[in-house]
Amino acid sequence: MKKPTIGIISLGCPRNMVDSEVMLGILKKDGYCIMDGLENCDIALINTCAFIEEAKEEAIDIILKAAQLKNEGRIKSIIVAGCLPQRYSDTLKKQIPEVDAFLGVCDFDKIKETVLFLSRHQLRQKQNHPIYFVTPPTKIYSHKLKRYLLTPNFYTYIKIAEGCNNNCSYCAIYKIRGKYRSRPMESIIMEIKAIGAMAHLSELNIIAQDTTSYGRDIYKKYKLAELLKKIAALDKAHWIRLLYTHPGHFTDELIETIRSEKSICKYIDLPMQHANNRILKMMNRNTTKGEIIKLIQKIKSRIPGVALRTSVIVGFPGETDKEFKELLDFIKDTKFERLGAFVYSREEHTKAYDFKKQIPERIKRQRLDEVMKLQQDVSAKINKRWMGKTLEVLIEEKENDVYTGRSQYDAPEVDGTVFVKGKNLKIGGFKKVKITDTLEYDLAGEVL
Ligand code: SF4
């Protein structure tokens, strides 16, 4: 019997994409054909995000599109996996009866039997309720499960831990993904060796909900610095990038490791979320403005030329005009090279959901616009410093005659682009580029 084709849509963050890659790896190993998107596939696999309202709406839209394709007989079955069923499976079952199977965030190892069952029972009428594997989030994948990479083959994400213990008052993640659980170091190293054997890696992106807490559970102490040194020693990638750190869990050893290891990008993703102490307390961020300032000064003084990325939330319940102004001033004074801003999303089953003085959506949007306008100015000024200077650029794509790429100061998908003039450049390779023009967020230059 010909195996059904699997169409994948992977939503949300890179951590969720790794879960998609684990499930696809299991199916690929079993001989299934994987295709991008839902058109012309037999079984649709939609790995969802449910972090905030916008993400949930996006996931529901795509599931409804799949349901329509199924009702038109263009696809046979729908599997919905990830954060949405983990958080709302009961409601989903009632709301979208077209869905044939639900898998939780840690039920990736059930994908094979789910697809097998569906391919045997192609026509829904033969089963009277959806397949349902949504178990408490206690597992994490290991190197034994070979991933089917969804990124270009020259960079990938390595998830070093799952879950979170920080209990930020606005965040539903720890309810969805469970308690913090680090992967054993050996498993991470084995995975990188395995991926490194299949693909020539230019960049490894180290991810978790909070990478800086790595090891506190299974080794009873911070082990990220040691892990990064081991990864660097493997010499499997030109760039190693650290994402999703937490200002409350930074160690001097980590700063020193980022400074001294040549292959570790001088780029730190340091979500601070706010700069006012009362708000930071209400958010349960376990850090203060003073501590964040000290940490940033320490990082900048010890790692010359380091680029800092941060993310902030505006419109948190009770945020006064004065407190918002304090955040704006902090962004203006600190001059982050990269910044992402989000409006506070009131999420059920989070502490902040019941906080008084919820801010009207109109005000939240106004504050978001103000932050992004300010950061546009900050970023444009920072970019001007690169005029005439040379940057090492990872060449990623070619469109018409222009190549696009990233410097070590740009993470995939979220940061700036370098437009590169050159001939016959190798995709996935590195080139020294002389910067000839600067934009708000992007740079342009020519190969030296
Ligand atoms: S650090 Fe805070 S915001 Fe991030 S995943 Fe953990 S609880 Fe959520």
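Below, the figures for the structure above:
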quantity	calculated
Residue count, the stretch 149-173 (criterion: under 17 Å from the mean Cα position of the chain (by Cα), within 16 Å of the ligand (Cβ to nearest atom) and of a type in the set (A, V, I, L, M, F, W, C))	6
Filter pass, residue 176 being in the same structural domain as residue 318 (by TED's automatic domain parsing) and buried (at least 19 other Cβ atoms within 10 Å of the Cβ)	yes
Any pair with Cβ under 7 angstrom, 6 or more apart, that starts in the stretch 272-295 at a residue that is of a type in the set (Val, Ile, Thr) and ends at one that is open to solvent by 60 Å² or more (accessible area, probe 1.4 Å)	288/277
Residues within the stretch 350-382 that are of a type in the set (Phe, Trp, Tyr) and without any contact (Cβ under 8 Å) to a residue 60 or more places away in the chain, tallied	1
For residue 417: the one exception among (1) touching a residue at least 40 places away in the same chain (Cβ under 8 Å); (2) in contact with a Lys or Arg (Cβ under 8 Å, 6 or more places away or on another chain)	(1)
Among (1) within 27 Å of the chain's Cα centre (by Cα); (2) open to solvent by less than 10 Å² (accessible area, probe 1.4 Å), the one test that residue 100 misses	(1)
Criterion (buried (at least 17 other Cβ atoms within 10 Å of the Cβ) and over 27 Å from the mean Cα position of the chain (by Cα)) met by exactly one of 77, 89	77
Counted residues, the stretch 317-333 - those being crowded, with 16+ Cβ neighbours inside 10 Å and outside any helix (DSSP H, G or I)	2
Residue among 231, 192, 188, 176 that alone is within 14 Å of the ligand (Cβ to nearest atom), in a helix (DSSP H, G or I) and in contact (Cβ under 8 Å) with a residue 12 or more places away in the chain	176
Options 405, 445; residue that is at pLDDT 95 or above, crowded, with 17+ Cβ neighbours inside 10 Å, part of a strand (DSSP E or B) and over 26 Å from the mean Cα position of the chain (by Cα)	445
Candidate set from the stretch 152-173 (those that are part of a loop (DSSP other than H, G, I, E, B) and closer than 21 Å to residue 88 by Cβ); member that is most open to solvent (accessible area, probe 1.4 Å)	167
Residue list for the stretch 261-294, filter: out of contact with any Cys (no Cβ under 9 Å at 6 or more places or on another chain), among the aliphatic types (A, V, I, L, M) and either open to solvent by less than 20 Å² (accessible area, probe 1.4 Å) or in a loop (DSSP other than H, G, I, E, B) (or both)	264, 268, 270, 272, 275, 279, 280, 292
Inter-residue pairs, beta-carbon under 9 Å, first free of Cβ contacts under 8 Å to residues at least 40 places away in the same chain and in the stretch 235-254, second open to solvent by 50 Å² or more (accessible area, probe 1.4 Å) and within 16 Å of the ligand (Cβ to nearest atom), 6+ apart	249/216; 249/222; 249/286; 251/222; 253/222
From the options 146, 139, 110, residue that is part of a helix (DSSP H, G or I), surrounded by fewer than 23 Cβ atoms within 10 Å (Cβ to Cβ) and over 18 Å from the mean Cα position of the chain (by Cα)	110
Scope the stretch 234-260; condition closer than 15 Å to residue 205 by Cα, more than 16 Å from the ligand (Cβ to nearest atom) and either outside any helix (DSSP H, G or I) or open to solvent by 10 Å² or more (accessible area, probe 1.4 Å) (or both); matching residues	234, 235, 236, 237, 238, 239, 240, 241
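The values are calculated or read from the model by the stated rules, or taken from the named source; none is laboratory data. Here the structure is a predicted model, which is why all the values come from computation and not from measurement. Note that each Cβ is placed from the backbone with ideal geometry, even for glycine, and that neighbours are counted across all protein chains shown. In case anyone asks, the SASA skips ligands and DNA or RNA and just uses the protein heavy atoms, side chains included. Shrake-Rupley method; radii C 1.70, N 1.55, O 1.52, S 1.80 Å.
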